[in-house]
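**Q** Mind looking over this structure? Questions follow.
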Amino acid sequence: MVKGKAPKKTLDSYAVKHINKIVKAGDCVLMRPAEQSKPQYVARIERIEADARGGNVKVHVRWYYRPEESIGGRRQFHGSKELFLSDHYDVQSADTIEGKCTVHTFKSYTKLDAVGNDDYFCRFEYNSATGAFNPDRVAVYCKCEMPYNPDDLMVQCEGCSDWFHPACIEMTAEEAKTLDHFFCESCSSESQKKLQNSHAASRHSDTKVDTKRIRR
């Protein structure tokens, strides 16, 4: 007589005792890497299942990749906390979960007052077989025409509203932080310079400078 597969049941949530956390489908978690020297894996739980007795708990996950794990590797505009939501699905023991984390949308991440150790962001989905990204195009800024890296300091032109890296406009980060007004080279016509000078004493500083976020 051939033994059939043991029946499985889906769990709404599961208490991971060794970290004293409850996880459920939709949560993002940090998982034990294959090698201790590597950073923790990041995954999104799709489903939690157990055997008929409630033991042998497994999590069905969808992996996030770090930029350096992608075919193209890490690029200049990739943030230090950036992840790609991949098409790589897997089943892992719930015992390999080492913590919970938050993977923000790009927009919500850039609005954080402070970035914690367990805060990440994702703006791309990633095809692990082809190396393709979705979306395959994003807005670019500055003279270097690079996508926005939220770790980098940028200063906004009051004329065209484009953002610039200080180094790309021959300025140090310290100089950029002290600016009261900024017009890029294209917008710095004589009339704009005069307008800037005539109002410099009376206007409050309204130049937008996006600084590197504080990590707690």
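**Q** Report yes if some residue within the stretch 11-29 is within 30 Å of residue 136 (Cα to Cα), crowded, with 18+ Cβ neighbours inside 10 Å and among the hydroxyl-bearing types (Ser, Thr, Tyr); otherwise report no. Reasoning before the result, please.
**A** From the stretch 11-29, those within 30 Å of residue 136 (Cα to Cα) are 25-29; that's our starting set.
Among the residues that remain, those that are also crowded, with 18+ Cβ neighbours inside 10 Å are: 27-29.
Subset that is among the hydroxyl-bearing types (Ser, Thr, Tyr): none.
No, the stretch 11-29 contains no residue that is within 30 Å of residue 136 (Cα to Cα), crowded, with 18+ Cβ neighbours inside 10 Å and among the hydroxyl-bearing types (Ser, Thr, Tyr).
**Q** Where the second residue is among the polar types (S, T, N, Q) and in a loop (DSSP other than H, G, I, E, B) and the first is closer than 16 Å to residue 115 by Cα and lies in the stretch 67-83, which pairs have Cβ atoms under 6 Å and are six or more apart or on separate chains?
**A** Going by the 6 Å Cβ cut-off, the qualifying pairs are 79/149.
**Q** Just give me the residues in the stretch 119-137 being assigned to a loop (DSSP other than H, G, I, E, B) and surrounded by 15 or more Cβ atoms within 10 Å (Cβ to Cβ), in sequence order.
**A** 127, 128 - these are the residues of the stretch 119-137 that are assigned to a loop (DSSP other than H, G, I, E, B) and surrounded by 15 or more Cβ atoms within 10 Å (Cβ to Cβ).
**Q** Another question about this same structure. Give the stretch 121-144 a look and list any residue that's charged (D, E, K, R) and modelled with pLDDT under 95, or say none.
**A** Just the residues of the stretch 121-144 that are charged (D, E, K, R), to begin with: 123, 125, 136-137, 143.
136, 137, 143, listed by residue number.
**Q** Looking only at the stretch 70-100, count how many residues are among the charged types (D, E, K, R) and assigned to a strand (DSSP E or B). Even if it seems obvious, please write down each step before you answer.
**A** First, the residues of the stretch 70-100 that are among the charged types (D, E, K, R): 74-75, 81-82, 87, 90, 95, 98, 100.
Okay, now just the ones that are also assigned to a strand (DSSP E or B), so 82, 87, 90, 98, 100.
The total comes to 5.
**Q** Checking residue 41 against (1) open to solvent by 70 Å² or more (accessible area, probe 1.4 Å); (2) farther than 23 Å from residue 138 by Cα; (3) modelled with pLDDT under 95, only one condition comes out false. Which one?
**A** Here residue 41 meets the rest and fails (3).
**Q** Would you say residue 9 is over 30 Å from residue 165 (Cα atoms), in a strand (DSSP E or B), more than 20 Å from the chain's Cα centre (by Cα) and at pLDDT below 95? Step through it out loud before you land on a result.
**A** On the way: over 30 Å from residue 165 (Cα atoms): yes; in a strand (DSSP E or B): yes; more than 20 Å from the chain's Cα centre (by Cα): yes; at pLDDT below 95: yes.
Yes: the conditions hold for residue 9.
**Q** Continuing with the same structure: If residue 163 satisfies all but one of (1) within 20 Å of residue 108 (Cα to Cα); (2) within 18 Å of the chain's Cα centre (by Cα), what's the number of the condition it fails?
**A** Status for residue 163: all satisfied but (2).
**Q** Return a yes/no flag: does the stretch 109-125 have any residue that is more than 21 Å from residue 70 (Cβ to Cβ), touching a helix residue (DSSP H, G or I) at 6+ places or on another chain (Cβ under 9 Å) and of a type outside the set (Asp, Glu). Lay out the reasoning, then the answer.
**A** Filtering the stretch 109-125 for residues more than 21 Å from residue 70 (Cβ to Cβ) gives 110-118.
Still in the list and also touching a helix residue (DSSP H, G or I) at 6+ places or on another chain (Cβ under 9 Å): 115.
With the extra rule that they be of a type outside the set (Asp, Glu), the set shrinks to 115.
Checking the stretch 109-125: at least one residue is more than 21 Å from residue 70 (Cβ to Cβ), touching a helix residue (DSSP H, G or I) at 6+ places or on another chain (Cβ under 9 Å) and of a type outside the set (Asp, Glu).
**Q** Still on this structure, please answer the following. Would you mention how many residues in the stretch 84-120 are without any contact (Cβ under 8 Å) to a residue 60 or more places away in the chain, over 19 Å from residue 147 (Cα atoms) and of a type in the set (S, T, N, Q)?
**A** 2
The values are calculated or read from the model by the stated rules, or taken from the named source; none is laboratory data. Nothing here was measured: the structure is a model prediction, and the numbers come from that model. Using ideal geometry, Cβ is built from the backbone for each residue, glycine included, and neighbour counts are taken over all protein chains shown. Heads up: the accessible areas ignore ligands, DNA and RNA and are worked out on the full protein's heavy atoms, side chains in. Shrake-Rupley method; radii C 1.70, N 1.55, O 1.52, S 1.80 Å.
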